[in-house]
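Since every read-out is calculated from the coordinates, none of them should be taken as a lab result. Just so we're clear, the structure is a prediction, and the values are computed from it rather than from any experiment.
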Amino acid sequence: MSRRAIFVLHDHRKPSPHFDLRLEEDGVLRSWAVPKGLPTDTRHPRLAVAVADHDLEHATYTDEHKSIADHGWWQLVDRTDRRFVFELHGERGVVRYALIDTGKGWLVHLTKDQPDDDTR
């Protein structure tokens, strides 16, 4: 069995409260700052600002201003040039999201179609 790609959701308190979603891909953590956290409602996508990739070691990094809100592994469901759908398999269960490139920035969307939680 091959190793699963990791994800981490960092909770930052400074300089201003926000979350960072990090997905392992091509040997790095691709990262997006999500000011209001991951969406909890399918009708309200949230801003996701692409930030610099991080080294894989950063997945376990914490300090007095940064903690790990969730972590686990992720899997790609579907990908096009402007959107990719993925599932986060974390401590809180399995949740499907889409990251959408609007051409001016990114949005993260909670999809209507959610997986059964027994897929963990």
Can you pull the Kirkwood radius for segment 45-95, inverse mean 1/r over Cα pairs, to one decimal in Å?
13.3 Å
Could you count how many Lys pairs in the chain have their Cα atoms under 25 Å apart, skipping same-chain pairs fewer than 8 positions apart?
6
For segment 6-119, alpha-carbon Rg and Dmax in angstrom:
13.3, 38
Please list, ordered by chain and number, the residues whose modelled amide H lies under 5 Å from the amide H of residue 77; skip anything fewer than 5 residues away on the same chain.
85, 86, 87
